[in-house]
Amino acid sequence: MSDLETDIIDLSHDGRGVARSDGKVIFVRGALPGERVRIGPRKRHRHFDEAELLAVLTPSAQRAIPPCPHFGSCGGCVLQHLQSAAQLAAKQRVLAENFERIGKVVPQRWLAPLADAPWAYRRKGRLSVRWVEKKGRVLVGFREDNPRFVADLGSCAVLAPPFDTLLAPLAALVDSLDARRDIPQIEFARGDDAALLLFRHMQPLGAADRARLAAFSDRHAIMLWLQSGGPDSAQPLRELDARALSYRIDDDAIEIVFQPLDFIQVNAGMNRRMLALALDLLAPQPHERVLDLFAGLGNFTLPIARRAVVVAGVEGDAGLVARATGNATRNALGNARFHTANLFADQRQAPWAREAWDKILLDPPRAGAAELLDYLPGASVRRVVYVSCHPGSLARDAGTLVQRHGFRLTAAGVMDMFPHTAHVESIALFERD
């Protein structure tokens, strides 16, 4: 197929430009709506094609120069070529389209998009590690667009310090290990006052490798853990690496302690802003009883406990529940209690599900909360705040809350938890009389 000049008419949910030719959709990575572009040979599929961007003939006024030298090869930040305000507008369009198409609902009002610092925000994540025979060295970074390959990164501008400058030193470290071929990934996590790396290793590490890891840990003032099997096998390299990680929220009134593999919101600044917004929308009162579902470590539960008479957090991971309970005790919040329950199974006979609640906060994973909404919210619930990491599941569940349970979708908006990516984090308020 010869090169083709075409107009980009839209942006897809994964950040690719959308064109049409001969009645067929073409996805073009790196192109933006309103642009005239030249595209190269297509990869053809039954219902759509994919094409390579060869040149931008008429650029969008919203086009930005990507500051990252790895843009286009690393598969992480696919929207760096779009101005930040336009990224948020695009994410809100995705959310609005999902509400209308899937949930058949429209918010009564749109919340202003919530954003924080666009760089150096990511405090937790997983780096891929691969010994590349052809290069004769180790690569440490995120996956390329083709997930079989690891991007050759020297640094990463979205990682929080000290991780942003550690990619090249980490690659050199792994390259120096006898076990360089047996380390597939490195987890990173940072609290307010300490940072940690966790090395996954497929074979036992010898004394020389452990000494090299310890020296790296000392040189960079970062704790180091090892994981030889499942999550329960994670352990500190040395006793001095066992210090607790923690972060503070709610105007520093609450401290959340967590383990390296625990789920936390990756963006500390956005987490604080999100909590403030969620509390404002939920508006828990001193006489009210609140249910927090998919509660995790108590990120929402404990701030709610400072404002309500009682709050119950429900979470499927028993380890998280134990640590959430410890966090409640540590913060002297005796009105917060936690329950372990598989929220994707029918829990309508569980004692917490049969209690009368005034308000509910939901923060489910990508799958959403369809199973819960078969039996919740109960008749006493007048307000639900739903925090979502997937607009499709939120839209589906919004339809259920409005059409089956009699709620109004009072407000909704996007939150830029992952700037420069196509990930859409959002929040919605549901109310009924």
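The values are calculated or read from the model by the stated rules, or taken from the named source; none is laboratory data. Given the structure is predicted, the values throughout are model-derived calculations rather than measurements. Backbone-built Cβ (ideal geometry, glycine too); neighbour counts: all protein chains shown.
If I filter segment 7-24 down to residues being within 17 Å of ALA422 (Cβ to Cβ) and assigned to a strand (DSSP E or B), which single residue comes out as nearest to the chain's Cα centre (by Cα)? Residue satisfying both the conditions and the ranking: LEU11. In segment 146-168, the residue that is nearest to the chain's Cα centre (by Cα) out of those that are modelled with pLDDT under 95, surrounded by fewer than 13 Cβ atoms within 10 Å (Cβ to Cβ) and of a type outside the set (S, T, N, Q) is PRO147.
The single residue among THR329, THR325, THR340 that is β-branched (Val, Ile, Thr) and more than 24 Å from the chain's Cα centre (by Cα) turns out to be THR329. Charged (D, E, K, R), part of a loop (DSSP other than H, G, I, E, B) and either surrounded by fewer than 17 Cβ atoms within 10 Å (Cβ to Cβ) or in contact with a His (Cβ under 9 Å, 6 or more places away or on another chain) (or both): is that true of ARG46 in this structure? Spelling it out, ARG46 is indeed charged (D, E, K, R), part of a loop (DSSP other than H, G, I, E, B) and either surrounded by fewer than 17 Cβ atoms within 10 Å (Cβ to Cβ) or in contact with a His (Cβ under 9 Å, 6 or more places away or on another chain) (or both).
Among the conditions (1) under 24 Å from LYS124 (Cβ atoms); (2) surrounded by fewer than 21 Cβ atoms within 10 Å (Cβ to Cβ); (3) over 20 Å from the mean Cα position of the chain (by Cα), the only one that CYS389 does not satisfy is (3).
Scan segment 359-380 and tell me whether some residue there is small (Gly, Ala, Ser), surrounded by 14 or more Cβ atoms within 10 Å (Cβ to Cβ), under 21 Å from LEU279 (Cα atoms) and within 26 Å of the chain's Cα centre (by Cα). Yes, because at least one residue in segment 359-380 is small (Gly, Ala, Ser), surrounded by 14 or more Cβ atoms within 10 Å (Cβ to Cβ), under 21 Å from LEU279 (Cα atoms) and within 26 Å of the chain's Cα centre (by Cα). Taken over segment 90-109, the residue count meeting the criterion of being touching a Pro at 6+ places or on another chain (Cβ under 9 Å) and either part of a loop (DSSP other than H, G, I, E, B) or closer than 13 Å to GLY15 by Cβ (or both) is 3. Is it the case that segment 408-423 has a residue that's in a helix (DSSP H, G or I), within 23 Å of TRP357 (Cβ to Cβ) and not aliphatic (A, V, I, L, M)? Within segment 408-423 (the criterion being in a helix (DSSP H, G or I), within 23 Å of TRP357 (Cβ to Cβ) and not aliphatic (A, V, I, L, M)), the answer is no, since none of the residues qualifies.
Of LEU139, LEU53, all but one fail to be among the hydrophobic types (A, V, I, L, M, F, W, C) and either surrounded by fewer than 17 Cβ atoms within 10 Å (Cβ to Cβ) or within 30 Å of GLY191 (Cβ to Cβ) (or both); the exception is LEU139.
Within segment 317-346, if we keep just the residues that are touching a strand residue (DSSP E or B) at 6+ places or on another chain (Cβ under 7 Å) and assigned to a loop (DSSP other than H, G, I, E, B), the residue that is nearest to TRP357 (Cα to Cα) turns out to be ASN335. Just one of the listed residues (ARG190, ARG181, ARG219) is among the charged types (D, E, K, R), crowded, with 20+ Cβ neighbours inside 10 Å and at pLDDT 95 or above, namely ARG190. Of the residues making up segment 334-349, at least one is under 26 Å from HIS13 (Cβ atoms), at pLDDT 95 or above, surrounded by fewer than 18 Cβ atoms within 10 Å (Cβ to Cβ) and outside the structural domain of LEU159 (by TED's automatic domain parsing). Here PRO67 meets the list (1) at pLDDT below 95; (2) part of a strand (DSSP E or B); (3) over 16 Å from ASP145 (Cβ atoms) almost entirely, failing just condition (2).
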